[in-house]
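Following: one structure in structure tokens, then a few remarks.
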Amino acid sequence: MNYAIALCAWPLLLAASALALRNLKWVRLIGAVGGLLQVVATAFVAVPVLCGGAQTKFFAAFQMDGIAAWFILINSVVYAGAMTTAALLLQNPEDVHLTERTGRALFGLSSLFVIAANAVVCAADLGALWVAMEASTLVTAPIILLTGTRKSIEAAWKYLILCGVGIAFALLGTMMLMASAQHVGAGASSLSIAWLRSHAASLNSPLLRASFVFFILGYGTKAGLFPVHNWLPDAHSEAPSPGSVLLSGALLNCGMVALWRIGGIVEVSNS
């Protein structure tokens, strides 16, 4: 529970403030302070793990291990930078082609995104990983089109279409990986990453390798890997600057962490 509170409390407070408060000045202040406090809260749960502390599961499908600890720290620093930048830029929202309403939306959506990004890197289950990745897509798409220009709408649409196809490939890869484990343990199988690693040598090798191809196409789209990166230039150029910070500093990492964890299963099966 401490992990969930540390990773979600301040972003949820900022998202609620962006929804409830009509004064952008107060939202900017809460955003800047909340971003910095998020770094402190994240360090409180991540640093002990990095210093050799026990790896802990929470909410059954999530874990705090070394990889998760490093990347939630990165997410929190990127989030703090984006919120501080937004607080400064939105002194005059018109200067960055936003209104007070879309400015508040930027803070709220960014806060929901960092929760989704933390869920991706902490996922200990391929099902939870897929759901968290999809949530990150749905939250970041509106950030891209906040300026309301024709190009921003086109960029958001391209992002949704390409990442939607990618996440469908990832779902197919998840189903194939689960199918590869059907004969293990008298028919018992699991989407737990730890369970799959421990039984990797017994998985159906052709299905496992085929699933990894779909994972590369699927999560590689979110990571901006060639040749499934076409959404990336338009999204970065059309999103407000703080949103572009989140896309480059946190979103791409989500796709890479997913491939890193799944690649570990394939590596063990080949050893």
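The values are calculated or read from the model by the stated rules, or taken from the named source; none is laboratory data. Quick caveat: nothing in here was measured; it's all calculated off a predicted structure. A quick note on method: Cβ atoms are made from the backbone with ideal geometry, for glycine too, and the neighbour counts reach across all protein chains shown. Accessible surface areas use protein heavy atoms only, side chains included; no ligands, DNA or RNA. Shrake-Rupley method; radii C 1.70, N 1.55, O 1.52, S 1.80 Å.
Rg/Rh for the chain (Cα atoms only, Rh after Kirkwood) is 1.01.
Net charge near L129, counting Lys/Arg +1 and Asp/Glu -1 over other residues with Cβ under 12 Å of its Cβ?
Values: positive: K222, R261; negative: D125, E134.
Neighbour charge sum, excluding L129 itself: 0.
When only the Cβ of Lys, Arg, Asp and Glu is charged (+1, +1, -1, -1), the dipole of the chain relative to its Cα centre reaches about 180 debye. Only the Cβ atoms of Lys and Arg (+1) and of Asp and Glu (-1) were treated as charged; on that basis the dipole of region 94-238 about its Cα centre amounts to roughly 320 debye.
Across region 52-69, computed HN-Hα scalar couplings (Karplus, 6.51 cos²θ - 1.76 cosθ + 1.60, θ = phi - 60°) run x, x, 5, 7, 10, 8, 9, 6, 6, 9, 10, 9, 10, 10, x, 4, 4, 4 Hz from first to last residue, x flagging Gly and Pro. Which whole-angstrom value gives the distance between the alpha carbon centres of region 76-154 and region 1-52? Using only Cα atoms, the two centres lie 14 Å from each other.
Computed FRET efficiency, Cβ-Cβ of R101 and F44, R0 22 Å: what is it to the nearest 0.05? It would help to have the intermediate numbers written out before the result.
Details: r = 34 Å, r/R0 = 1.55.
Once the sixth-power term is evaluated, E becomes 0.05.
Using helices alone, what [θ] at 222 nm do you get for the chain, with -39,500 (n - 2.57) per DSSP H run of 4 or more residues, divided over all residues and rounded to the nearest 500?
Working: 11 runs with 201 residues, N = 271.
Theoretical 222 nm ellipticity from helices: -25000 deg cm²/dmol.
Mind checking which lysines have their Cα closer than 20 Å to the Cα of K57? Skip sequence neighbours fewer than 8 apart in that chain. Here the lysines satisfying the reach criterion relative to K57 do not exist.
The amide H of L225, built 1.01 Å from its N in the peptide plane, has no neighbour under 5 Å, considering only residues 5 or more places off or on other chains. Pairwise Cα separations in region 156-271 fall into 10 Å bins from 0 onward with the following percentages, short to long: 14, 41, 25, 15, 4, 0.
Under 22 Å of direct C-alpha separation, and excluding same-chain neighbours fewer than eight residues apart, K222 reaches these lysines: K151, K158.
Binning the alpha carbon pair distances of region 69-160 at 10 angstrom intervals from zero yields the distribution 16, 41, 33, 9, 0, expressed in whole percent. Each of T56 and A4 was given a label point 7 Å from its Cα along the Cα-to-Cβ line. The distance between the two points is 1.3 nm.
Residues whose amide H falls under 5 Å from that of F62, counting only those 5 or more places apart or on a different chain, are A124, with hydrogens built in the peptide plane.
I need to check one value: relative contact order of the chain, counting alpha carbon pairs closer than 8 Å and at least 6 residues apart, in percent.
On the way: 419 pairs, mean separation 53.5, N = 271.
Relative contact order here is 20 percent.
Computed 3J(HN,Hα) for region 71-79, one whole-Hz value per residue from the Karplus formula 6.51 cos²θ - 1.76 cosθ + 1.60 where θ = phi - 60°, is 7, 6, 5, 4, 4, 5, 5, 4, 4, glycine and proline marked x. If R0 equals 45 Å, the separation of the Cβ atoms of W26 and E267 corresponds to a calculated FRET efficiency of about 0.35. Nonpolar atom fraction for region 89-233, defined as the carbon and sulfur part of the 1.4 Å probe accessible area, stands at 67 percent.
Ranked from largest to smallest solvent-accessible area, with a 1.4 Å probe on the protein heavy atoms, R28, R197, R101 come out as R101, R197, R28.
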